[in-house]
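Only one structure is covered here, and it is reproduced in the block below.
Where a number appears in this text, it was derived from the coordinates with a stated rule and is not lab data. The model shown is predicted, which means the values in this text are computed figures rather than measured ones. Counting neighbours? That spans all protein chains shown, and the Cβs are built from the backbone with ideal geometry, glycine included.
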Amino acid sequence: MSSGDFGVDAALAVIHAADGEDALRSGIEQGLQAARAAARASAPAVEVAAGWSVVLRSGLAAAARLTPGPAWSWFVSGSVARGEAVTGSDVETLVVLAGDAACDEALAAAAQVHAVLERCGVRADANGVLASRPRFCRTASAWSDGIAHWTSDPRADRGVVMTGVLADCRAVQPADDGVAEDFLRAQVVRAAVANYPARQYLLQDATTFRATFPSRLRMLANQSDAVDLKLAAIDPLVKIARWAAVSAGATALSTPHRLDAAAAANVLDAEDVSTLQDCFAALIRFRWTSRAGGDQVMLSKLAPQERAMLRSVAREIAGISRKLTYLASTSAFR
C-alpha cells in the first residue's frame, strides 16, 4: 500500500504548489485528514505514520521556500525524520548555512519559517531543537567540528543528546539542491563508530528509564493510573534501535530498519529484534487508532485489551533494556 492509496499524494501536490500560507495550511490539513481516515480504515499504522511524516517534511520545505532567507539547507530530526510521526507530533529542525551566510539573519529567518508552520498547525519542538537557535544553525564546517567534539566527549556540551539528534536527521529539500539526505547523519555515524564513548553513552541514555507503568496495586491504592507512554515505552525502544544501528555503522533511519541492520550485524540477537519489532508495531498502531490522545495515557480509560497490550510491551522493552545494561557491564559491546 503506497501513501497515494490514502490521499497523501494529493495533499503533497497542494503543498508543493503552495504559493502562500493559505495553500500550505490547506495541503497540510488535507494530509492530516487523509492519514486519519486511513488509520480509521485499518491501513497499516506504520505506513500511515510514514505518509504523515512525508507531509510534515514537505510542509517544512515549503515553509522554508516561502520565507526569504540566506543560502541554507534545512534538516528535520526526530519522529518526523524517521517516518514515525503521529497526530500532534512536533518538528525538530536544523540548518546548514552557506559559508558566507550571516548567522543573525539566518536565525531570524528560521524563526519566521517556524512561525509559518505554527500558523499552519505544525508545532515547533518543545525541547528546543530548532533551527532558530544558534546551536542548530551552523555552517557545514561548524557542524563537522561539533560532531567531532560531541562524539569524542559525549558528556560535555550535551554531546549524547546532539549525537542522537544528528543520528536521526535528514535533509528535507528536493535532491537537486545538492545536499545529500544523510549529509549530517552519515558524519555522526562514522564518528560514533570511531569513538566508543559515543556508543557507550547512547546505550546508557537508551536504557535509563524515566517513567514506568503504575502497578495495579498503586492504581487501586492511590488512584494513580496516568502513564507517559513516550517516556515509558516509545523513547526506550527508539533509542535502543538508534544505538544498535549506529553501533552497526548503519545510517538507517526508521526504527524497524534500524533493528534489521542491528540483527544483520549481530549487535542485537534475532529474538530480541523480533520482540522489539512487534512492540514497535503495536505502539504505532495504538497511537494512531486509540482515542486516548497524546502521550499521557489514563490506563483506566482504556479497554482491558489495550491496557494488557501496553503493559506487555513495557515489560518486553524493560527486559531487553536490563539485558543490554548487563552486557554493557561486561564490555560485550566494545
Q. Each label point is 7 Å from the Cα along the Cα-to-Cβ direction; what then is the distance between the points at Thr289 and Ser152, in nm?
A. 5.0 nm
Q. For segment 239-252, in order, what is each residue's ³J(HN,Hα) by Karplus, 6.51 cos²θ - 1.76 cosθ + 1.60 with θ = phi - 60°, in whole Hz (x at glycine and Pro)?
A. 6, 4, 5, 5, 4, 5, 5, 4, 4, 7, x, 9, 9, 4
Q. In whole Å and largest first, what semi-axes does the C-alpha gyration tensor of segment 14-64 yield when each eigenvalue is scaled by 5 and square-rooted?
A. 22, 11, 6
Q: Taking the dipole about the Cα centre of the chain, with the C-beta of Lys and Arg at +1 and of Asp and Glu at -1, give me whichever of His114, Ile284, Trp52 is farthest to the positive side.
A: Ile284
Q | Most to least packed among 129-137, 268-276 [average Cβ atoms within 10 Å] | A | 129-137, 268-276
Q | Ordering of 228-238, 49-59 by burial proxy (mean other Cβ atoms within 10 Å per residue, highest first) | A | 49-59, 228-238
Q) To the nearest 500 deg cm²/dmol, what mean residue ellipticity at 222 nm is calculated for the chain from DSSP H runs of n ≥ 4 alone, each contributing -39,500 (n - 2.57), summed and divided by the residues? A) -19000 deg cm²/dmol
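State, as an integer percentage, the relative contact order of segment 222-290 based on alpha-carbon contacts under 8 Å between residues 6 or more apart.
25 percent
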Q) Given the options Gln187, Gln277, Gln305, which has the most mean-square fluctuation in a GNM of the chain, springs set between C-alpha atoms less than 10 angstrom apart? A) Gln305
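Pull out a ≥ b ≥ c, the square roots of the eigenvalues of the alpha-carbon gyration tensor of segment 46-166, then state rounded if a/c is under 1.5, prolate if not and a/b is larger than b/c, and oblate in the remaining case.
oblate
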Q.
I need the peptides 317-325, 74-82 ranked by packing, meaning the mean over residues of other C-beta atoms within 10 angstrom, with the highest value on top.
A. 74-82, 317-325
Q. Percent relative contact order of segment 1-89, based on C-alpha pairs within less than 8 angstrom and at least six residues apart?
A. 31 percent
Q.
Place a point 7 Å from Cα of Val193 in the direction of its Cβ. Which residues in segment 136-153 have their backbone N less than 19 Å from it?
A. 144-145, 147-153
Q: Over all directions, average the projected area of the Cα convex hull of segment 224-318 and note it in nm².
A: 5.9 nm²
(Q) Apply the a/c threshold of 1.5 to the C-alpha gyration tensor of the chain and tell me whether it is rounded, prolate or oblate. (A) oblate
Q: Over the chain, calculate the relative contact order: mean separation of alpha carbon pairs under 8 Å at least 6 apart, over the residue count, as a percent.
A: 14 percent
**Q.** Residue-span extension gain [Arg65 to Ala142] - 0.36 nm each, minus C-alpha spacing
**A.** 25.3 nm
